[in-house]
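Asks: So that we are looking at the same thing, I have put the structure below in structure tokens.
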Amino acid sequence: MPVVARVDPKAVFRPAEWSRLTSRSSLRGMWLVVHAWGTIAAAIALVTLWPNPLTWLIAVTVVGTRQLGLAILMHEAAHGGLHANRTINEWIGQWLCAVPVGADLASYRSYHLQHHKFTQQPEDPDLSLSAPFPITKESFYRKAIRDLTGQTFVKQRLPLFLSLFRRGDADETVSHESFVSSGADKMARFLAVNAMMFGLFWLAGAGIWYWGVWVVAMASWLPLVTRIRNIAEHACTSTGEDPFSHARTTRANPIERLLIAPYWVNYHAEHHLFMYLPCYRLPEAHRLLIDKGLSKRMEVRPGYLDVMRLATSGQRV
């Protein structure tokens, strides 16, 4: 199967528009990482100062979404978008974004560029995430329960943990759904960084919330919002030749951006069309495509609830 067709930006945008869209800010990239960790810290502080079921639930959902946010910023680093200096981009993308949530930047980049090259084609390594849809509501509910009860977390992480005790385990596979790359070395980095985080939580007087919020969020809310993100991006989209139709953009409201889709990840069609645009330029790219009448060729949905209705309709459309 040939690679998917590419859109020439010069045929879509005026030179001034393209120059503005492609302009990168290292300062803004760094701010996004600070924002992700600052939001996590604020959620932990909330439940530490006012411990009750409501603040705990808020903390778990917000932290789980920011864990997804760290994976999204790792994705940004994979496209060279966090910092203009490659060394800084790689270090921050790996150690502040990828490793804390169990991922590896280099492995992810290799895998992810294959996804861009063969989007929705048989060679797409992510095709298994979208091909089964639509599914029934009952099927989705079963998956959501497994996510929220930690079953998905254990299924994904336990084999990686056990690889620490298997000599010569050199197998490496990368799952876009779990953001986890296998191999004892990657699991060792994940455990080492998380041990350091526990120490920082403990020194801040919030050691219990490392387990009660950070780990619980990673074992429950993160798998669910990762699943929803994967569904929204490609499920029930076209496998045809038009690159405008291979991915979906979902117009997320403020609550959805807080709890499901941080850092403009909902503008996935724009990202696939012009994959080296900084994530913070994607909303402007979306507006320009609308102005030029090109959004009619794209799969755009008004919100995540609408996407989930489509994905769980139980019939192909």
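No value in this document is a laboratory result; all are computed from the given coordinates. These figures come from a predicted structure and were not determined experimentally. Here the Cβ is made from the backbone with ideal geometry for all residues, glycine too, and neighbour counts use every protein chain on show.
Asks: On C-alpha positions alone, give me the angle between the axis of helix 26-49 and the longest principal axis of the chain, in degrees, nearest 10.
Replies: Roughly 40 degrees between the two axes.
Asks: Okay, next question. For Cα extents along the principal axes in Å, the choices are (1) 55, 46, 45; (2) 55, 51, 37; (3) 74, 50, 36; which was calculated from the structure?
Replies: Identified label for the calculated read-out: (1).
Asks: Can you give the net charge of the other residues whose Cβ lies under 13 Å from the Cβ of Leu259, counting K and R as +1 and D and E as -1?
Replies: After counting each charged neighbour, the total is +2.
Asks: While we're here: Within the set Lys155/Lys296; Lys117/Lys186; Lys117/Lys155; Lys143/Lys292; Lys137/Lys186, which residue pairs have Cα atoms separated by over 31 Å?
Replies: Lys155/Lys296; Lys143/Lys292; Lys137/Lys186
Asks: Next question. Which cross-chain or sequence-distant (5 or more) residues have an amide H under 5 Å from the amide H of Glu299, H modelled 1.01 Å from N in plane?
Replies: Ala247, Thr249
Asks: Mind giving me the nanometre distance, one decimal, between the label points for Arg166 and Glu284, set 7 Å out from Cα along Cα→Cβ?
Replies: 4.8 nm
Asks: Quick one: 3J(HN,Hα) in Hz for the stretch 97-114, Karplus 6.51/-1.76/1.60 with θ = phi - 60°, rounded, Gly and Pro as x.
Replies: Residue by residue, the stretch 97-114 yields 10, 7, 4, x, 9, x, 10, 9, 5, 5, 5, 5, 4, 4, 5, 5, 5, 5 Hz.
Asks: Using each residue's phi in the stretch 15-20, evaluate 6.51 cos²θ - 1.76 cosθ + 1.60 at θ = phi - 60° and report the 3J(HN,Hα) Karplus result to the nearest Hz, with x for Gly and Pro.
Replies: Listing the rounded values in order: x, 5, 5, 5, 4, 5 Hz.
Asks: Follow-up question, since we're still on this one. Ordered by residue, what ³J(HN,Hα) values in Hz, to whole numbers, does the stretch 268-278 give under the Karplus form 6.51 cos²θ - 1.76 cosθ + 1.60, where θ = phi - 60° and Gly and Pro are x?
Replies: 7, 5, 5, 5, 6, 5, 9, 6, 9, 6, x
Asks: Another one. Most mobile of Val215, Val265, Val12 per a Gaussian network model of the chain (Cα springs, under 10 Å)?
Replies: Highest fluctuation among the options: Val12.
Asks: Compute for the stretch 206-317: radius of gyration divided by Kirkwood radius, i.e. Rg/Rh, restricted to C-alpha atoms, rounded to two decimals. Intermediate values should be presented prior to the final figure.
Replies: Numbers: Rg = 15.9 Å, Rh = 15.2 Å.
Reported Rg/Rh (Cα atoms, Kirkwood Rh): 1.04.
Asks: Using amide H atoms built in the peptide plane, which far-off residues or other-chain residues are under 5 Å from Ala103 H to H?
Replies: none
Asks: Tell me, what is the percent relative contact order of the chain, built from C-alpha pairs under 8 Å that lie six or more residues apart?
Replies: 24 percent
Asks: Further question: Report the Rg/Rh value for the stretch 8-109, based on alpha-carbon coordinates and the Kirkwood definition of Rh.
Replies: 1.12
Asks: Give a quick list of trypsin sites (Lys or Arg not before Pro) in the stretch 89-168 that DSSP marks as loop, anything other than H, G, I, E or B, with at most 12 other Cβ atoms within 10 Å.
Replies: Sites meeting the loop and neighbour criteria: Arg166, Arg167.
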